[in-house]
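The structure under discussion appears below in the form of structure tokens.
The values are calculated or read from the model by the stated rules, or taken from the named source; none is laboratory data. No experiment lies behind these values; they were computed from the predicted model shown. Here the Cβ positions follow ideal geometry from the backbone for every residue, glycine too, while neighbour counts run over all protein chains shown.
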Amino acid sequence: MQITKASKSRLSEVDFDNLSFGANFTDHMFVADYKDGKWNDARITPYEPLVMSPGAKVLHYGQSVFEGMKAYKDENDKVWLFRPDENQKRLNISAERLDMQGVPAEIFNEGLFELLKIDSDWVPKGKGRSLYIRPFIFASEETIVASSSTEFKFMILLSPVGAYFSNDVKLKIADKFSRAANGGVGFAKAGGNYAGSFYPARLAKEEGFDQVIWTDDATHTFVEEAGVMNLMFRIGDKIVTAPTSERILDGITRKSLIEIARSENIEVEVRPIKVQELLDASAKGELKEAFGCGTAAVISPIYAIGHKDMLMEMSQKENRYSEMLKAKMVEIQTKAGEDKFGWTKQVTF
Ligand SMILES: Cc1ncc(COP(=O)(O)O)c(C=O)c1O
């Protein structure tokens, strides 16, 4: 792999105490090009603008997929990744659905590990802080004929992020808009899925909500996922979460939390969840907690959920599962606790 180092680091220009999510990028990036039936020219270059044709297919047909993952620093300044193989596999699952060229594990891993080693000084240290990693593939062929591209770019960007101490959120259950449909691309991390969600999310914000809870497109009677998070509900002392499907992203945080919760002897049911079940549980005081889970926030507790003219408020104010599970997960990710599941991978030694 060819490595071209930045002539000067921008590290000292970044205010690590006031990082806004995804707004700062490290000194370097990884790039590889797919052309003539193979991935070529894997390289690390200084972080810089791309020169590309305005006729590149991605700009017209949105043929693009991405991943989101994080690197963490342990107390000895060693850098670690959390289940990176899952992101690599999911990137290729997304690429296949969008009829794009996937990236072999060797290219993904070599690019990722080398880039992280070069920019390891950018991995923030301390509770909840991390380096967000954005691998993505897009259609770079210069033609606006509406068919699959034969050329792609695979890139990895790194962005330091601060501790995600968000306030609890209030979400609105979708009863008109849909994010995904059967047979569609909902399970893929396709750029267009997010583009299509921004308008309904903005309308929900104007009504005083932070995000939308997506429901099944056919009936709007089953809750599915929210924004960039899968969802979990605590009904009584059980956690319930929807099964992943062709409409729902198979979140790595979700499946990790299911395992952690079960290992803490919390019962977890993976099954379809009706909106009506939440309304009934709420009326009986049994809807104790709801939380979103995803790479960005790990867990984002929800204090209220709106559905039409009803508002469900979560009854559990203390000793919440969300806090306990988040603490366990962060301990594993930052190597502050035992990783009995073998999920972490060391990057720098
Ligand atoms: C639509 C959607 N659902 C769920 C998630 C959570 O997935 P993960 O835990 O792998 O970050 C994400 C974020 O990646 C997402 O974009």
Tally time: how many residues in the range 169-203 are over 17 Å from the mean Cα position of the chain (by Cα) and of a type in the set (Val, Ile, Thr)?
2
When residue 231 is evaluated against the numbered criteria (1) surrounded by 23 or more Cβ atoms within 10 Å (Cβ to Cβ); (2) among the hydrophobic types (A, V, I, L, M, F, W, C); (3) away from the ligand (no atom under 12 Å from the Cβ), which criterion, by number, is the only one it fails?
(3)
I'd like to check something: does the range 163-172 contain any residue that is charged (D, E, K, R) and crowded, with 17+ Cβ neighbours inside 10 Å?
yes
Go through (1) closer than 23 Å to residue 313 by Cβ; (2) within 13 Å of the ligand (Cβ to nearest atom) for residue 237 and report which single condition fails.
(2)
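Taking residue 327 as the residue in question, decide whether it is among the small types (Gly, Ala, Ser), within 16 Å of the ligand (Cβ to nearest atom) and not assigned by TED's automatic domain parsing to the domain that holds residue 69.
Values: among the small types (Gly, Ala, Ser): yes; within 16 Å of the ligand (Cβ to nearest atom): no; not assigned by TED's automatic domain parsing to the domain that holds residue 69: yes.
Here the answer is no, as residue 327 does not meet what is asked.
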Check the range 316-332 and report whether any residue there is exposed (fewer than 14 other Cβ atoms within 10 Å of the Cβ), at pLDDT 95 or above and closer than 26 Å to residue 201 by Cα.
no
What are the residue pairs meeting all of these: first residue in the range 37-50, first residue closer than 13 Å to residue 2 by Cβ and assigned to a strand (DSSP E or B), second residue modelled with pLDDT of 95 or more and acidic (Asp, Glu), Cβ atoms under 9 Å, and 6 or more apart or on different chains?
40/33; 41/33; 42/33; 42/110; 44/114; 46/27
Positions within the range 51-72 being touching a residue at least 12 places away in the same chain (Cβ under 8 Å), surrounded by 15 or more Cβ atoms within 10 Å (Cβ to Cβ) and away from the ligand (no atom under 16 Å from the Cβ), in sequence order:
56, 57, 58, 61, 63
Note on the range 74-86: residues away from the ligand (no atom under 14 Å from the Cβ) and charged (D, E, K, R) are 74, 75, 77, 78
If you check 106, 141, 86, which single one turns out to be over 24 Å from residue 24 (Cα atoms) and touching a Ser or Thr at 6+ places or on another chain (Cβ under 7 Å)?
141
Of (1) within 13 Å of the ligand (Cβ to nearest atom); (2) without any contact (Cβ under 8 Å) to a residue 60 or more places away in the chain; (3) over 15 Å from residue 324 (Cα atoms), residue 277 fails just (1)
When you go through (1) modelled with pLDDT under 95; (2) in contact with a strand residue (DSSP E or B) (Cβ under 8 Å, 6 or more places away or on another chain) one by one for residue 57, which number turns out not to apply?
(1)
Counting only residues that are farther than 30 Å from residue 57 by Cβ and either assigned by TED's automatic domain parsing to the domain that holds residue 100 or within 11 Å of the ligand (Cβ to nearest atom) (or both), the range 187-205 contains a total of 0
Of the conditions (1) touching a Phe, Trp or Tyr at 6+ places or on another chain (Cβ under 7 Å); (2) in a strand (DSSP E or B), the single one that residue 58 does not satisfy is (2)
Single residue of 219, 215, 244, 253 found to be within 19 Å of residue 287 (Cα to Cα) and either among the polar types (S, T, N, Q) or not assigned by TED's automatic domain parsing to the domain that holds residue 327 (or both):
215
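Sort through 195, 218, 204, 181 and tell me the only one that's surrounded by 17 or more Cβ atoms within 10 Å (Cβ to Cβ) and hydrophobic (A, V, I, L, M, F, W, C). Let's see the steps before the verdict.
Working: 195 fails: surrounded by 17 or more Cβ atoms within 10 Å (Cβ to Cβ); 218 fails: surrounded by 17 or more Cβ atoms within 10 Å (Cβ to Cβ); 181 fails: surrounded by 17 or more Cβ atoms within 10 Å (Cβ to Cβ).
It is 204.
Taking the range 8-24 only, how many residues are buried (at least 18 other Cβ atoms within 10 Å of the Cβ) and modelled with pLDDT of 95 or more?
Of all residues in the range 8-24, those buried (at least 18 other Cβ atoms within 10 Å of the Cβ) come to 19, 24.
Next, only the ones that are modelled with pLDDT of 95 or more stay: 24.
Residues flagged as buried (at least 18 other Cβ atoms within 10 Å of the Cβ) and modelled with pLDDT of 95 or more within the range 8-24 amount to 1.
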